[in-house]
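Here's the structure we're looking at; comments come further down.
The values are calculated or read from the model by the stated rules, or taken from the named source; none is laboratory data. Computed from a prediction, not measured in an experiment: that's the story for all the values here. Here Cβ is always computed from backbone atoms with ideal geometry, including for glycine, and neighbour counts include all displayed protein chains.
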Amino acid sequence: MRTDTIFYQLFLIFPNLLFELLNQPPVEGYQFSSREIKELARRFDGIFLPPEGEIDRVIYFVEVQFQEKQDFWWRFLTEIFVYLGQYQPDNDWQGVALFSTRKLDAGLPRQYQSLFDNGQIKIFYLDELEISETSSIELEIISLIVGKDSEAIPKAKKAVTKSQEIIDNANEQRKILELIQTVLVYKLNQLTREEIEAMFTLDDLKQTRYFQDVAADAKLEGIKEGIQEGIQEGIEKEISLVIRLLKRKLGNLSPDLELKIRNLSLETLEDLGEALLDFSSSQDLITWLNSH
């Protein structure tokens, strides 16, 4: 998975995620960017820079690691000190390392241990973050990124639903939806982007506050008809997607099974879309249909 790109987008959309991980209140005014270190011809995954002239604020260097690299700490800390030497900022600094799992952390070299002891280096293992019903959308997306592939679809839908409940801005909702779709493209690479987009098109149409407000304000019969057409189109996409996934998983389906699937309610179709990840034979599908 191209986690550097995904986390770059994640921090761009949710810059306060850094402060949430650090258990600090959000701080406005920081500019998130990716900066090149000329001497090494490398870029940090991200740097949080305070407004120019505010030397009492900290510069945060962020590095995300999803692969095993024995020299991670040597490289990361060297980049930090080369950056400090190159730009010579007056601000203090803090390094933040985000490992997907603890086993990828080779351990901070003893020569730099004092940086950890005094809090200048912070380490997080993303798969150990506590996620609850009250967790932020940002943490829900991280849980999706580091979680099991079999849990990806329900986690993605949960994150989308939460964004629709909390965020009123349609443009922000679109960015979050696109980010979640990108994560799924990498995690479920047996699906096309079109198939993944189809999983969310209907919810995006029916549940976003922006769409509901526009529909309510318009009060026009033509818009109502358009909504119904959109909903029906979404149902057809959901049916087609589930059938394609089942055929990839189990092979060709009998006409009777396809007919049963096409007659399922939308809610049951969505449940089937999640359950089919665990199917290994047509009998699993038949058993599931008989119980629903």
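Go through the stretch 114-127 and count every residue that is exposed (fewer than 12 other Cβ atoms within 10 Å of the Cβ) and not small (Gly, Ala, Ser).
Of the residues in the stretch 114-127, the ones exposed (fewer than 12 other Cβ atoms within 10 Å of the Cβ) are 114, 117-119.
Restricting the remaining residues to those that are not small (Gly, Ala, Ser) gives 117-118.
The total comes to 2.
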Look at Phe279 and say whether it is aromatic (Phe, Trp, Tyr) and modelled with pLDDT under 75.
no
Unmet requirement for Ile286, which otherwise passes all of (1) buried (at least 16 other Cβ atoms within 10 Å of the Cβ); (2) more than 31 Å from the chain's Cα centre (by Cα)
(1)
Mind checking whether some residue in the stretch 184-203 is assigned by TED's automatic domain parsing to the domain that holds Lys249, at pLDDT below 50 and surrounded by 13 or more Cβ atoms within 10 Å (Cβ to Cβ)?
yes
Verdict on Asp278 being without any contact (Cβ under 8 Å) to a residue 60 or more places away in the chain, within 24 Å of Lys157 (Cα to Cα) and of a type in the set (Asp, Glu):
no
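For residues in the stretch 116-159 being outside any loop (DSSP other than H, G, I, E, B) and of a type in the set (Val, Ile, Thr), which is nearest to Ile80 (Cα to Cα)?
In the first step, residues of the stretch 116-159 are kept if they are outside any loop (DSSP other than H, G, I, E, B); the result is 116-117, 121-128, 137-146, 149-159.
Then drop every residue that is not of a type in the set (Val, Ile, Thr), which leaves 121, 123, 137, 141-142, 145-146, 153.
Numbers: Ile121: 11, Ile123: 15, Ile137: 30, Ile141: 27, Ile142: 25, Ile145: 26, Val146: 26, Ile153: 37 Å.
If we take residues in the stretch 116-159 being outside any loop (DSSP other than H, G, I, E, B) and of a type in the set (Val, Ile, Thr), then Ile121 is nearest to Ile80 (Cα to Cα).
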Kindly provide the set of residues from the stretch 122-133 that are without any contact (Cβ under 8 Å) to a residue 40 or more places away in the chain and more than 17 Å from the chain's Cα centre (by Cα), ordered by number.
Ile123
